[in-house]
1. Taking the alpha-carbon set of the chain, what are its Rg and Dmax in Å?
2. How large is the accessible surface per residue of region 21-162, computed with a 1.4 Å probe and reported in Å² as a whole number?
3. Which one, L219, A181, V303, is farthest towards the positive end of the dipole of the chain when Lys and Arg carry +1 and Asp and Glu -1 on their Cβ?
4. If contacts are Cα pairs under 8 angstrom and at least 6 residues apart, what is the relative contact order of the chain in percent?
5. Could you let me know the centre-to-centre spacing of region 212-250 and region 264-306, using Cα atoms, in angstrom?
6. Please list, ordered by chain and number, the residues whose modelled amide H lies under 5 Å from the amide H of S190; skip anything fewer than 5 residues away on the same chain.
7. Please give the solvent-accessible surface of K186 in Å², to the nearest 10, using a probe radius of 1.4 Å with every protein chain present.
8. Within 10 Å of each candidate Cβ there may be at most 15 other Cβ atoms; applying that plus a DSSP loop requirement, which trypsin sites (Lys or Arg not before Pro) in region 7-59 survive?
Amino acid sequence: MSKNVLVLPGDGIGPEIVTEARKVLDLINDRFALDLEINEALVGGAAIDATGVPLPDATLEAARAADAILLGAVGGPQWDTNPDFQIRPEKGLLGIRSHLQLFGNLRPAILYPQLAHASTLKPEVVSGLDILIVRELTGGIYFGQPRGIREKEGGIREGFNTYVYDENEIRRIGRVAFEAARARDKRLCSVDKANVLEVTVLWREIMEELGKEYPDVELSHMYVDNAAMQLVRAPKQFDVVVTGNMFGDILSDAAAMLTGSIGMLPSASLDENGKGMYEPCHGSAPDIAGQGKANPLATILSVAMMLRYSLKAGEAADLIEAAVSTVLDQGLRTGDIMSEGMRQVSTAEMGDAVVAALNA
Ligand code: IPM
Ligand code: MG
């Protein structure tokens, strides 16, 4: 039976990087006779401009019907001034995550050896880096109620959000992380702020409880401030990191930079059944949009994750990852990963080079 992939280019550099990822996906679709039906829809600012809302019903329906979703990026300054928070591009992305319950966000930070010198950290600190951040994606302070901006006595305005996790939410992301650790180096570090926040006292308790079911995985705990420091001090101490939505958002950007550029990092956001949305960890980079400067590799690597996790085509995923390595060996670099002696290429040239490597 044919499977259905929904492509959501989004805003900023989204359309450019998705164009390159599509070249790769189309080629793999043919080569492996995957019989994928690939459709596109609007999300984010592009959807606001066309329909007035960041997540049109048609897009949500298509997302529900799809076996997997590939997303570029959302957001841009032209939509940031809307006082109605519901009409922000980010709400489109958050809406899909939440409606589809894509709670398990996998953000691998792998340093390609060819890029050891592109990192701002010393090569010996980052070479060989291979960590996986497992971020809870549909709960925590991102979605907690009540939230808003209100006026209190004396006409003083206050902003408020709610940081809440129930034990089931903690347990299900914990399982994703323990399973992932089991398939890797069997070390899991749970990141919390249990010295201050009750939510994360419960988080730690549940992780401990789960740990008893996974005696083969070595579980440790770290406060988030220390984790941020350790990530830049000695990142190779980590194998798998599991944390809540907001801490994961922040730590995954930090981890991304260890690898040279956030332009290299793919992600998967999975539901209970392995259905997923795949997107680069970086944002829409409006400052370079439309200039052919963006690095398409994070999106191309997201296609590889999609093939592996949702489309059960692991062999195709391996080929794409090897092709990315090949173009790096060839010395091709977009601006974000450029270093001396390498050849700087555009977004499209990079995409074409990956396609050529796949065809070689
Ligand atoms: C990410 C992004 C999103 C997030 C934004 C665009 C809503 O930063 O995927 O990390 O905060 O989750
Ligand atoms: Mg982020």
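The values are calculated or read from the model by the stated rules, or taken from the named source; none is laboratory data. Just so it is clear, the model here is predicted, and its values are computed rather than measured. Cβ sites come from the backbone with ideal geometry, for glycine too, and all protein chains shown count toward neighbours. Side chains included, ligands, DNA and RNA excluded: accessible areas come from the protein's heavy atoms. Shrake-Rupley method; radii C 1.70, N 1.55, O 1.52, S 1.80 Å.
1. Rg, Dmax (Cα atoms, Å): 20.2, 71.
2. I get 47 Å² per residue for region 21-162.
3. Positive-most Cα among the choices belongs to L219.
4. 21
5. Using only Cα atoms to place each centre, the spacing works out to 23 Å.
6. Residues meeting the amide H criterion: S220, H221, M222, V242.
7. My reading of the accessible area for K186 is about 80 Å².
8. Passing sites in region 7-59 do not exist.
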